[in-house]
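Here's the structure we're looking at; comments come further down.
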Amino acid sequence: MIRKLQNTDREQIYNLLVATNNFTAEELRVAMELVDIYLNNPSQQDYFLFVDADDFDKVNGYVCFGPRPLTIGTYDLYWIAVNPDCQARGIGSSLISFVENYLKQKNGRLILIETSGKPSYKKERNFYEKNSYKKFCEIDDFYNIGDSLIIYGKYI
C-alpha cells in the first residue's frame with residue numbers, strides 16, 4: 001500500500017537508508033532533512049513523500065519528489081529507496097509508477113533524476129533505465145574526481 005509519509009515512519013526511513021549501505025553520512029543527513037521538512041511543515045509544497053508499507057505499517061520503501069524551481073510541470077525525484085530485504089519484488093517500480101501517475105494528475109510533464117556515475121550506483125542506473133528513464137546527460141567529475149553526475153529523465 002502506498003500512502004503519505006507519517007511521523008511514525010521517520011525511524012524506519014532512516015534505518016532503511018542505512019541498510020542499503022549506499023549512502024554517506026552527509027547523504028543520510030540530507031535525506032532526513034527532507035523527511036523532517038515534510039513532516040514538520042505540512043503546508044510546504046517543495047517535497048512530497050510517500051511510503052510503500054505493509055498491513056502492519058512496516059515501511060518497505062519510500063520516495064521523495066518535488067517541483068523543480070523556476071519550471072512549469074518539471075519535477076525532481078530526489079530519493080527513492082527500498083529496504084534490501086524487499087528488493088527485486090517490484091516495490092521500487094511501483095513507487096516510480098505511483099509518482100508518475102500522481103504528477104500526471106498535477107499536470108506534470110517531466111521527471112528528472114540526478115544520480116552518481118560511481119560503479120556502486122550501477123544497480124540504481126539500471127533500475128531507472130528499466131523504468132523507461134533516459135540518460136539525458138553526464139557531467140564528469142561533478143561530485144568528486146571520478147564521480148560524475150548523471151541526469152535521467154522521462155516525459156510523462
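Data overview
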| quantity | calculated |
| --- | --- |
| The range 109-156, residues that are at pLDDT below 95, among the hydroxyl-bearing types (Ser, Thr, Tyr) and assigned to a helix (DSSP H, G or I) | SER120, TYR121 |
| Subset of the range 8-41 (residues that are assigned to a helix (DSSP H, G or I) and either of a type in the set (Phe, Trp, Tyr) or more than 19 Å from ASN83 (Cβ to Cβ) (or both)) | TYR14, ALA25, GLU26, ARG29, VAL30, GLU33, ASP36, ILE37, TYR38, LEU39, ASN40 |
| Filtered residues of the range 73-113 (kept if over 14 Å from ASN131 (Cα atoms) and in contact with a Cys (Cβ under 8 Å, 6 or more places away or on another chain)) | TYR78, TRP79 |
| Residue match in the range 31-42 (condition: of a type in the set (Val, Ile, Thr) and either within 24 Å of LYS154 (Cα to Cα) or touching a Pro at 6+ places or on another chain (Cβ under 6 Å) (or both)) | no |
| All positions within the range 50-67 that are aromatic (Phe, Trp, Tyr), within 13 Å of the chain's Cα centre (by Cα) and farther than 17 Å from LEU28 by Cα | PHE50 |
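One line per residue, one yes/no per condition, for (1) more than 23 Å from SER116 (Cβ to Cβ); (2) not aromatic (Phe, Trp, Tyr):
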residue	(1), (2)
THR24	no, yes
SER43	yes, yes
PHE50	yes, no
ALA53	yes, yes
VAL59	yes, yes
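Quick grid of which residues meet (1) in a loop (DSSP other than H, G, I, E, B); (2) in contact (Cβ under 8 Å) with a residue 40 or more places away in the chain; (3) within 15 Å of the chain's Cα centre (by Cα); (4) exposed (fewer than 12 other Cβ atoms within 10 Å of the Cβ):
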position: SER43; (1), (2), (3), (4): yes, no, no, yes
position: ILE72; (1), (2), (3), (4): yes, no, no, yes
position: TYR75; (1), (2), (3), (4): no, no, yes, no
position: PHE98; (1), (2), (3), (4): no, yes, yes, no
position: ASN107; (1), (2), (3), (4): yes, no, no, yes
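The values are calculated or read from the model by the stated rules, or taken from the named source; none is laboratory data. Everything quoted here is computed from the prediction, not taken from an experiment. Quick reminder, even Gly has a Cβ in these numbers, built from the backbone with ideal geometry, and neighbours come from all protein chains shown.
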